[in-house]
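What follows is a single structure, written as structure tokens, with notes after it.
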Amino acid sequence: MPYEPNELLIRQFEENGTDLTQQVEAQLHLIAPNSPNIPLYRDMIFTVLRMAQDDRSRWNAKITLQAIRELDHAFRVLEQFKGRRKVTVFGSARTPVESPLYALAREVGAVLARSDLMVITGGGGGIMAAAHEGAGLEHSLGFNITLPFEQHANPTIDGTENLLSFHFFFTRKLFFVKEADALILCPGGFGTLDEALEVLTLIQTGKSPLVPVVLLDAPGGSFWQGALDFIRSQLEANRYILPTDLKLVRLVYNAEEAVEEINQFYANFHSTRWLKRQFVIRMHHPLSDHALAHLQEAFASLRLSGDFQQIAYTGEEHDEPSFSHLTRLVFNFNGRDQGRLRELVDYINLPENWAEAQGKTQQRVTETA
């Protein structure tokens with residue numbers, strides 16, 4: 001069996017009498033003692049050493065360096081906002097101030113802020129400026145792009161620590177999705193459509209966690225309805241997508257409904273992860289016995305085998321102990337039908353399906369008796 005690239009590099013050093021793994025890990029333990037991430041940092045260093053050994057192209061090395069620096073800077077800046085839920089708002093930078101869509105985006109920003117949700121945009125004008133204007137600086141983050149011509153961030157975030165500038169579009173787009181607990185898409189041009197389709201592709205394929213995706217238009221607007229009509233008549237009708245894939249988006253026509261869609265998504269649902277090939281949904285409230293029994297059959301198509309199991313924290317998720325108080329719904333997910341998974345999330349978010357609701361019902365029956 002051929003060696004993996006990093007293994008081959010280590011073997012070459014060993015043949016010269018150098019234990020590369022020991023040397024690298026020794027330095028990492030000095031810098032980050034007790035860090036559980038040392039194996040990851042070690043492999044990063046090995047990868048860079050292998051690139052240096054190949055020394056193929058200065059351009060490749062410059063791209064790698066710039067990308068790593070951008071990632072590191074963004075991680076550092078965003079650490080101060082860790083723990084706060086964030087909503088990425090997309091839309092045209094060319095939307096004029098007098099447009100009803102500008103007023104709608106401004107209202108969305110204000111309603112999101114009242115729900116203590118931060119607003120992420122590209123940091124520019126139009127819809128982005130309106131959303132930040134409504135949210136205010138305390139609830140705003142801007143991910144701007146550095147261009148070869150003059151570019152200004154919108155007045156709400158310009159010159160503040162809430163503005164990050166990116167050299168590469170791909171690192172910027174990574175953080176648009178990585179930091180988002182939800183996305184609101186207003187009408188826009190190629191860029192907005194690109195973001196909409198990319199986000200849906202990432203969620204549909206399971207490459208990005210399931211989050212609410214809200215299509216927002218002004219009352220009477222046809223922008224997103226026209227897009228959905230095309231998707232249904234061409235993509236769904238030709239079986240290019242599953243019929244349930246459209247469950248991943250919701251079309252609304254006012255700010256309150258857009259934010260309510262996000263708040264409802266997190267009424268009980270907290271987050272998901274894969275753990276030893278099992279899919280884990282973390283919940284604030286355990287499900288009632290009746291609700292758990294019902295979903296065994298109603299959502300059976302999501303499972304490859306076995307049953308849905310509701311369990312408490314077991315200690316296996318040692319890397320995220322802050323979530324130890326949350327109940328887990330665990331099953332062998334097929335990994336494919338994300339639209340149906342969204343329907344499962346809607347089910348567990350209904351208060352009548354929570355264990356405390358069952359307890360209240362039993363109490364009322366007892367009191368009546």
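Numbers at a glance
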item	result
In the stretch 144-164, residue surrounded by the most Cβ atoms within 10 Å (Cβ to Cβ) [restricted to those that are in contact (Cβ under 8 Å) with a residue 40 or more places away in the chain and touching a Gly at 6+ places or on another chain (Cβ under 9 Å)]	L164
Single residue of the stretch 168-198 satisfying the filter (within 21 Å of Y253 (Cβ to Cβ) and over 15 Å from the mean Cα position of the chain (by Cα)) that is surrounded by the fewest Cβ atoms within 10 Å (Cβ to Cβ)	G189
Residue that is over 27 Å from A355 (Cα atoms), under 23 Å from the mean Cα position of the chain (by Cα) and of a type in the set (A, V, I, L, M), where the choices are I262, I203	I203
Residue check, L304 assigned by TED's automatic domain parsing to the domain that holds L341, surrounded by fewer than 16 Cβ atoms within 10 Å (Cβ to Cβ) and touching a strand residue (DSSP E or B) at 6+ places or on another chain (Cβ under 8 Å)	yes
Qualifying positions in the stretch 22-63 - of a type in the set (V, I, T) and in contact with a helix residue (DSSP H, G or I) (Cβ under 6 Å, 6 or more places away or on another chain)	V24, I38, I45
Residue match in the stretch 104-112 (condition: outside any helix (DSSP H, G or I), touching a residue at least 40 places away in the same chain (Cβ under 8 Å) and aliphatic (A, V, I, L, M))	no
First in the stretch 73-93 and assigned by TED's automatic domain parsing to the domain that holds G142 and touching a residue at least 60 places away in the same chain (Cβ under 8 Å), second anywhere and among the charged types (D, E, K, R) and not in a loop (DSSP other than H, G, I, E, B), Cβ under 6 Å, 6 or more apart	F90/E195
Odd one out for Y240 among (1) more than 30 Å from Y102 (Cα to Cα); (2) surrounded by 14 or more Cβ atoms within 10 Å (Cβ to Cβ); (3) assigned by TED's automatic domain parsing to the domain that holds V108	(2)
Selected residue (only one of A74, A52, A93 is of a type in the set (A, V, I, L, M), buried (at least 18 other Cβ atoms within 10 Å of the Cβ) and not in a loop (DSSP other than H, G, I, E, B))	A74
Selection status of R250, in the same structural domain as S322 (by TED's automatic domain parsing), touching a helix residue (DSSP H, G or I) at 6+ places or on another chain (Cβ under 9 Å) and under 23 Å from A182 (Cα atoms)	no
Any hit, the stretch 191-209, residues being out of contact with any helix residue (DSSP H, G or I) (no Cβ under 8 Å at 6 or more places or on another chain), of a type in the set (D, E) and farther than 18 Å from V259 by Cβ	yes
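The values are calculated or read from the model by the stated rules, or taken from the named source; none is laboratory data. Computed from a prediction, not measured in an experiment: that's the story for all the values here. Ideal geometry is used to build each Cβ from the backbone, glycine not excepted, and the neighbour counts take in all protein chains shown.
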